[in-house]
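Step one of this worksheet: look at the structure below.
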Amino acid sequence: MVDKNNSNTNYQRNILDNLSTAVVLLNSSLIIEYINPASENLFQISKRQAAGSQLNKVMHVDDDFIDRLHDAIINFHPVTEHEAAISLPGGREIIIDYHLNPLQLADQEIQLILEISHMDRHIRIAREEKLLSEQSATRSLVRGMAHEIKNPLGGLRGAAQLLERELPSTELKEYTQIIIGEADRLQSLVDRMLGPNNVPKKHNVNIHQILEHVRQLIQVELAEDAHVYFKLDYDPSLPDIMADSDMMIQTVLNITRNAVQALNGNGEITFKTRPLRNFTIGHTHHRLVLQTDIIDNGPGIPEEIQEQIFYPMITGRPEGTGLGLSIAQSLINQHGGLIKMSSRPGETIFTIYLPLSVASQDHKNGKKQIGEHK
Ligand SMILES: Nc1ncnc2c1ncn2[C@@H]1O[C@H](COP(=O)(O)OP(=O)(O)OP(=O)(O)O)[C@@H](O)[C@H]1O
Ligand SMILES: [Mg+2]
């Protein structure tokens with residue numbers, strides 16, 4: 001007779017064996033129970049040699065790292081860390097991103113899953129710095145141009161108005177109306193190019209209220225015959241954020257509008273919120289970060305524009321101005337946060353990371369809410 005539990009475990013191990021991410025399974029005394037082939041490769045040690053050893057046998061880690069492991073076990077919460085330095089037994093230092101996840105199966109002691117991705121620090125920092133400086137240079141260029149267009153535009157509109165008063169026939173006034181109308185259109189484009197120039201007015205803001213507000217705005221905009229559904233996956237235990245609520249609404253709205261446009265009247269948008277402990281945004285380590293995902297099941301972002309998606313004037317839509325995401329990124333940067341994107345046909349995820357300063361806020365307890373609304 002086949003032992004069902006055993007075949008399940010074998011099946012799961014088989015999946016782990018085929019992952020390209022290094023996975024280490026530890027017991028609560030930080031003894032290695034299992035490593036997958038990607039870990040064997042990374043640490044140059046076989047499964048058999050590793051099993052039953054202390055973690056330090058495969059990688060030398062500092063006290064901070066060990067504290068994080070204990071922390072994850074004691075508090076039973078996941079931990080994500082970017083760019084942590086560890087040394088391999090041969091002495092070579094590498095930079096890793098890791099994710100710790102405590103696990104407890106019925107009646108068994110807590111285990112810890114350690115997932116490691118090996119990052120080449122220099123490549124990553126150089127790439128991020130290049131991107132950030134390019135983005136900011138492009139943003140200044142666009143703002144400079146917008147500023148230069150703004151002044152003559154005002155004169156143009158004023159002159160058309162004066163001319164209109166002097167014109168004898170309403171037929172001729174149609175032309176001045178076109179000038180005025182087009183000048184107004186250009187004015188609103190230029191205003192968007194200049195972007196919000198205010199310093200954020202930060203106060204305690206509940207992220208779920210922001211998301212609900214945007215959901216209502218979007219639903220009003222939807223066509224009568226649209227079949228776009230919202231799925232809400234909120235973690236209500238999240239504390240408030242210190243943020244400018246108008247800027248938050250603008251950010252979520254820009255991202256969600258894109259999702260609606262991509263869905264073209266048919267599909268599902270998910271709003272999901274989660275806390276992240278010990279997470280690094282840019283180069284700053286935060287104890288607590290708010291992760292907000294805006295997910296759609298549309299066709300995905302065209303591959304050729306994915307790399308530059310947060311630059312101004314990058315658009316995949318004939319009637320798009322390509323400003324929505326660049327504005328959103330700049331608003332979130334002003335809050336010390338970051339927006340990331342991953343996209344493939346059938347799933348596009350925009351993730352907003354915002355630091356949470358829990359000190360001035362209270363934690364509300366509650367269960368996760370999952371609901372569905374049209
Ligand atoms: N969820 C999504 N699914 C598919 N494509 C997307 C999605 N979000 C953004 N895009 C693509 O990214 C482009 C850039 O988006 P962005 O909001 O910056 O500008 P836009 O929507 O074209 O114009 P604007 O927002 O200024 O009116 C879009 O034109 C679209 O091609
Ligand atoms: Mg847009």
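So between Gln261 and Asn27, what do we pick up on full extension, going 0.36 nm a residue minus the alpha carbon distance?
79.5 nm
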Q. Excluding same-chain residues fewer than 8 positions from Lys272, which aspartates and glutamates have a Cα within less than 17 Å of its Cα?
A. Glu212, Asp233, Asp235, Asp240, Asp293, Asp296, Glu347, Glu372
Q) In nm, to one decimal, how far is the modelled label at Asp62 from the one at Asp246, with both set 7 Å along Cα→Cβ? A) 4.3 nm
Q: Work out how much length Gln54 to Leu194 would gain on full extension: take 0.36 nm times their residue separation and subtract the Cα-Cα distance, in nm to one decimal.
A: 44.7 nm
Q: Give, as ranges by residue number, the residues of region 297-338 whose backbone N falls under 19 Å from the point 7 Å along Cα→Cβ of His147.
A: 312-313, 327, 330-331
**Q.** Fewest-first sequence of Asp64, Asp17 by Cβ atoms within 10 Å of each Cβ
**A.** Asp64, Asp17
Q: Could you calculate the FRET efficiency of His227 with Ala106 from 1/(1 + (r/R0)^6), where r is the beta carbon distance between them and R0 is 45 Å, rounded to 0.05?
A: 0.65
Q: Over the chain, calculate the relative contact order: mean separation of alpha carbon pairs under 8 Å at least 6 apart, over the residue count, as a percent.
A: 13 percent
Q. If R0 is 45 Å, what FRET efficiency do you get for Asp184 and Arg344 from their C-beta distance, rounded to 0.05?
A. 0.70
Q) With r defined as the distance between the Cβ atoms of Ser136 and Leu88 and R0 fixed at 30 Å, what FRET efficiency is calculated, to the nearest 0.05? A) 0.20
Q) Relative contact order for region 1-109: what is it in percent, counting Cα pairs under 8 Å that are at least 6 residues apart? A) 17 percent
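We did not get these values from a lab; they are worked out from the coordinates using the rules stated. Note that the structure is predicted; figures quoted are calculated from it, not measured. Backbone-built Cβ (ideal geometry, glycine too); neighbour counts: all protein chains shown.
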